[in-house]
Amino acid sequence: MKKSERPRLELEWNYLDYALEAIAFTAAVSAPLIAISYYSELPDTIPIHFNGRGEPDGWGGKGFLWFLPVLGLGIYALMTFLNKSPHTFNYPVHITEENAEWQYTLATRAIRFLKAVICLSFALITWFMIKTATDEVQGLPTWLFILLLGGTLVPVFILFFVSKKKN
């Protein structure tokens, strides 16, 4: 079945969907609020890049602090918009009338999870940029890298394997 012929369904949300949306929204809105709250306290130069050990290795003007919060809001908006059309997604299986609801639900939930992880990571990185700039911490913690890497790769693998298995 071509993408244009796929069923267009109104999917029901469960508690996990609402929780993921709440996390993503809260994080996306919190990042700019954090930046606004601390901007006047920052030195003129702040850390804008961190190496694999979480140590700052790139510096820039404090205006760069706005990059991740604005990008996070953009990603939140884009992923929210895209999630309204699961019939247009690429799937590892052929979409039929019988499997469409399951595949769409799985895919939209994975996007919600990715959106939550990305927005939360951007808010936390913004926080740690500020705290590093004010010498309260010494860079990014290792667990943040694990959250970002694991939180983006795991749902993609789960989506692929579960969608193939359930088909």
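Quick notes on this one:
- Taking the number of Cβ atoms within 10 Å of each Cβ as an exposure proxy, the fewest-first ranking of K165, K62, K3, K131 is K165, K3, K131, K62.
- Sum of -39500 (n - 2.57) over DSSP H runs of 4+, divided by residues of the chain (222 nm, nearest 500): -21000 deg cm²/dmol
- Kyte-Doolittle mean at least 1.0, axial Cα span of 27 Å or more - DSSP H helices of the chain: 15-38, 142-166
- Positive minus negative residues near P155 (Lys, Arg vs Asp, Glu; Cβ under 13 Å): +3
- Spin-label proximity, E97 to the range 1-45 - amide N less than 20 Å from point 7 Å beyond Cα toward beta carbon: 1-12
- Cut-off of 10 Å, at most 10 other beta carbons, DSSP loop: longest stretch of the chain lacking such GluC sites (Glu not before Pro): 13-96
- Length gained when the stretch E5-I146 is fully extended (0.36 nm per residue, less Cα-Cα span): 46.8 nm
Each reported figure results from applying straightforward, stated rules to the coordinates on display, with no laboratory input. On a predicted model such as this, the values are computed, not experimentally measured, just so you know. Cβ: placed from backbone, ideal geometry, glycine included. Neighbour counts: every protein chain shown.
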